[in-house]
Structure formats: C-alpha cells, structure tokens
Amino acid sequence: MSPRIGLDFDKVLNEAAEIVDSEGFGSLTLAVLAKKLNIRPPSLYNHVAGLPALKQKLAVFGLERLFAVMEEASKGEIGDAAIRRVGASYVNFVRSHQGLYEAGCKAVDHNDKEQVAAGRKIVELSLKLLQPYGLSEQDALHAVRGLRSLLHGFVSIEQSGGFGLDLDLDQSLQFILDRYLAGLQRSSN
C-alpha cells in the first residue's frame, strides 16, 4: 500500500504530539492516531514501525523541543539570569506540552542514539549555564542533576495539583531557583 498523499512522518509525529499533549501520553494508540489522521490504522505502518517506535520518536521530538525552548531562553548567556529564564521556560514548556515532556521522561532508551543525543544536548546546555560557578566537572554534573530534579519535581507536583495554597506558582519557582543559585554561589567562593 502506498502512503497517502499529503501524509508524511512529520505530519504523523505532529498529530501524535497533539494527542499526547491534549489527552496524555498513555492515551496514544495507533487507532486513536489513525482516527485523528482520518486513515485506517494499518496505513500508519507506511510511516512508523509500530507504537513503541512512534513513542521513541515522540521522546526524541519532545527532548529536542525542550532543548530549543531552553536554548532560546538562555539567549546565549550563562549564570544566574540565564538559569532563571531557562528554569521558567522549562516549566512553561511542560505546562503547554505535558505529553511530550512525559514521552521524553518515560520512554528513555539508553541504546537509542537519537534519544541519547537529544538528552545530551540538554545536559551540555545546562553545563554551559553553570560555567560561572567554577565547579569541577563532577560537581557540575551533580548541579545539573540538582537543577533537573528541582524543575522536574516542581512540574510534577504542579501537574498533580499538589500546590493547593493560594500562592503564585511562578513566584514560588523563582524563589526556589534563587535559593538553588545562592547555594551554587556559596560553593564557588
């Protein structure tokens, strides 16, 4: 069977991303995607090798989109102000793209070279942002893990409705990032 005219892998991937962002990562099936594309499910095999392969491509797509948002927010700068902007952009990305974010977190395959490369770009950007603190290579990696944990924890609690107090979430995020940065500044002195 030949592929449908006007339908290509990018269109399939973008429609799958819309599904996971609006309905959740777990809601993605080939039947749901085919219905959204107005095709029969077997026709999807002209573009993807199956649901696991599609989810891996979504993971890479999500990581690449997150990296692009973080890189843009850094504005080519490093240090405190850039880290604050990147942290806010990370949280805002997840608010808008919960499914893509979840794909990048859940479908981790350390043997998938594309996914490893996409994740490595985020780590390398984070390391670059941390250069002004004069951390050793190992400490810088620990600091990247700390920043990721801080941001991931924040969005996870927010997504689950865990922040029930009447307090501005963006102010809370900046407060937490400021304390993280103060700790880095103290350790670099």
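Numbers below:
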quantity: Approximate shape of the range 113-189 as ellipsoid semi-axes (Cα gyration tensor, √5λ), whole Å, largest first; calculated: 25, 19, 8
quantity: Low-density loop cleavage sites - chymotrypsin sites (Phe, Trp or Tyr not before Pro) in the range 67-166, where at most 16 other Cβ are within 10 Å (DSSP); calculated: 163
quantity: Of 36/106; 36/57; 75/106; 11/75; 35/121, pairs whose Cα-Cα distance is over 26 Å; calculated: 75/106; 11/75; 35/121
quantity: Tilt relative to the chain, helix 169-188 - C-alpha long axis, 0 to 90 degrees, to 10; calculated: 50 degrees
quantity: Per-residue ³J(HN,Hα) for the range 138-150, Karplus 6.51 cos²θ - 1.76 cosθ + 1.60, θ = phi - 60°, Hz, x for Gly and Pro; calculated: 5, 5, 5, 5, 4, 5, 5, 4, x, 5, 4, 4, 4
quantity: Histogram of C-alpha separations across the chain, 10 Å bin width, %; calculated: 9, 32, 30, 18, 8, 2, 0
quantity: Helical mean residue ellipticity (222 nm; -39500 (n - 2.57) per DSSP H run of 4+; nearest 500) of the chain; calculated: -23500 deg cm²/dmol
quantity: FRET E, pair residue 112, residue 176, Förster distance 35 Å, beta-carbon r, rounded to 0.05; calculated: 0.65
quantity: Area projected by the alpha carbon convex hull of the range 1-88, averaged over all directions, nm²; calculated: 6.9 nm²
quantity: Exposure proxy ranking, count of Cβ atoms within 10 Å, fewest first, for 178, 10; calculated: 10, 178
quantity: Fewest-first ranking of 165, 130, using other Cβ atoms within 10 Å as the exposure measure; calculated: 165, 130
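Quick note: the coordinates plus some simple rules give every number you see, no bench work behind them. These numbers were taken from a predicted model, which means no experiment stands behind them. Don't worry about glycine lacking a Cβ; one is built from the backbone with ideal geometry, like all the others, and counts go over all protein chains shown.
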